[in-house]
1. Where residues in the stretch 160-188 are within 9 Å of the ligand (Cβ to nearest atom) and of a type in the set (Ser, Thr, Tyr), which of them is farthest from the chain's Cα centre (by Cα)?
2. I'd like the full set of residues that are more than 13 Å from the ligand (Cβ to nearest atom) and open to solvent by 100 Å² or more (accessible area, probe 1.4 Å), limited to the stretch 189-205.
3. Taking the condition of being within 23 Å of ILE74 (Cβ to Cβ) and aliphatic (A, V, I, L, M), how many residues in the stretch 1-43 meet it?
4. Counting residues that are open to solvent by less than 70 Å² (accessible area, probe 1.4 Å), closer than 26 Å to LYS206 by Cβ and in contact with a strand residue (DSSP E or B) (Cβ under 9 Å, 6 or more places away or on another chain), which strands (runs of 3 or more DSSP E) fully inside the stretch 56-175 reach at least 2?
5. Taking the stretch 68-83 as the region of interest, how many residues are touching a Ser or Thr at 6+ places or on another chain (Cβ under 6 Å) and either without any contact (Cβ under 8 Å) to a residue 12 or more places away in the chain or within 13 Å of MET242 (Cα to Cα) (or both)?
6. I'd like the residue in the stretch 226-245 that is assigned to a helix (DSSP H, G or I) and among the hydrophobic types (A, V, I, L, M, F, W, C) and, out of all such residues, is nearest to the ligand (Cβ to nearest atom).
7. Only residues that are more than 15 Å from the chain's Cα centre (by Cα) and polar (S, T, N, Q): list them for the stretch 114-139, please.
8. Within the stretch 172-205, which residues are among the basic types (Lys, Arg) and in contact with a helix residue (DSSP H, G or I) (Cβ under 7 Å, 6 or more places away or on another chain)?
Amino acid sequence: MKLKDEIITKAIIERFTEKFVNNLDQDVIIAGAGPAGLTAAYYLSKQGFKVSIYERKLSIGGGMWGGGMMFNEIVVGDDGKEILDEFGISYKKYETGYYTSDSVEAISTICSKAMQAGTKIFNCMSVEDVMINKGRVCGVVINWSSVELAGLHVDPLSVRSKIVVEATGHPLEILKTLEKKVDGKLFTKTGKIMGEKSMNAEIGEKTVVENTKEIYPNVYVCGMAANAAFGGNRMGPIFGGMLLSGKKLADILAKRLGKPGVKEMVQVEETD
Ligand code: 48F
């Protein structure tokens, strides 16, 4: 059979458009395809929720590929190991309570399992803002990362969702934008972003899970963003907390959203 270049082009454009159009009204939109966002997406998609992730970079996986200082191994504790088991990621015991895993195997498997469970990932797209309606976030504003990088004056598009997840890691990109618009109204002690504290794996691993929660109506934080938002410690290349945070978020959201496909959360139509 003779291959026609124009058919290849048409196939790509049509299939991408189909995927994009079918995912403009989601249960959950996650900003950032790092280990925390991907893990949350996996557990939610597995239960049938409509989940998409917008990732600024060409590659997904955030900071997991590079392990610690580009030594491509990660460390997880006992609880994190259970999530590696769920994904079928191999690991080795190092000492009691410490397990290591190849970071490339870990993140590529998490991504693959999330997608096979139904998560849609839109890479090369940045979340640049959120939509707010009557004091509740109801979607995100997106643009091609290349537009942002080139500083082009091109208007963005918007995508609706019941829940928006801030999973952009240390930079807290979505919350920083939101904070400016809802001055002092975040669900932190100060009403503002608290900022991350210095490295402490012992404390950081615990608080990253505790801090995985709602921070503004319909906006949740997970992964490193949770500690950066609520004033927790950073924890370096121990990744169990990121996986546990993603799983906790999925559990909270599954309870809140109820059964997949049920539109029980009223979406407000009028603007503020
Ligand atoms: O940074 P990242 O891996 O976040 P995480 O899942 O994991 C944190 C760890 O990697 C590490 C750590 C572990 O102890 O501290 O830092 O919390 O992934 C965040 C992803 O968000 C993307 C970014 O490219 C990365 O892949 N991202 C950042 N800003 C945006 C974004 C944005 N505005 N829109 C879309 N994606």
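The values are calculated or read from the model by the stated rules, or taken from the named source; none is laboratory data. For clarity, every value in this text was computed on a predicted model and none was experimentally measured. Every residue, glycine among them, receives a Cβ derived from its backbone with ideal geometry; neighbour counts consider all protein chains shown. Heads up: the accessible areas ignore ligands, DNA and RNA and are worked out on the full protein's heavy atoms, side chains in. Shrake-Rupley method; radii C 1.70, N 1.55, O 1.52, S 1.80 Å.
1. THR177
2. LYS189
3. Looking only at the stretch 1-43, we keep the residues that are within 23 Å of ILE74 (Cβ to Cβ), and these are 30-43.
Filter once more, keeping what is aliphatic (A, V, I, L, M): 30-31, 33, 36, 38, 40-41.
So the count comes out to 7.
4. 73-76, 98-102, 157-166
5. Of the stretch 68-83, the ones touching a Ser or Thr at 6+ places or on another chain (Cβ under 6 Å) are 72-75.
Next cut, either without any contact (Cβ under 8 Å) to a residue 12 or more places away in the chain or within 13 Å of MET242 (Cα to Cα) (or both) only: 74-75.
Matching residues across the stretch 68-83 total 2.
6. MET242
7. Across the stretch 114-139, the qualifying residues are GLN116, ASN133.
8. The one that is among the basic types (Lys, Arg) and in contact with a helix residue (DSSP H, G or I) (Cβ under 7 Å, 6 or more places away or on another chain): LYS192.
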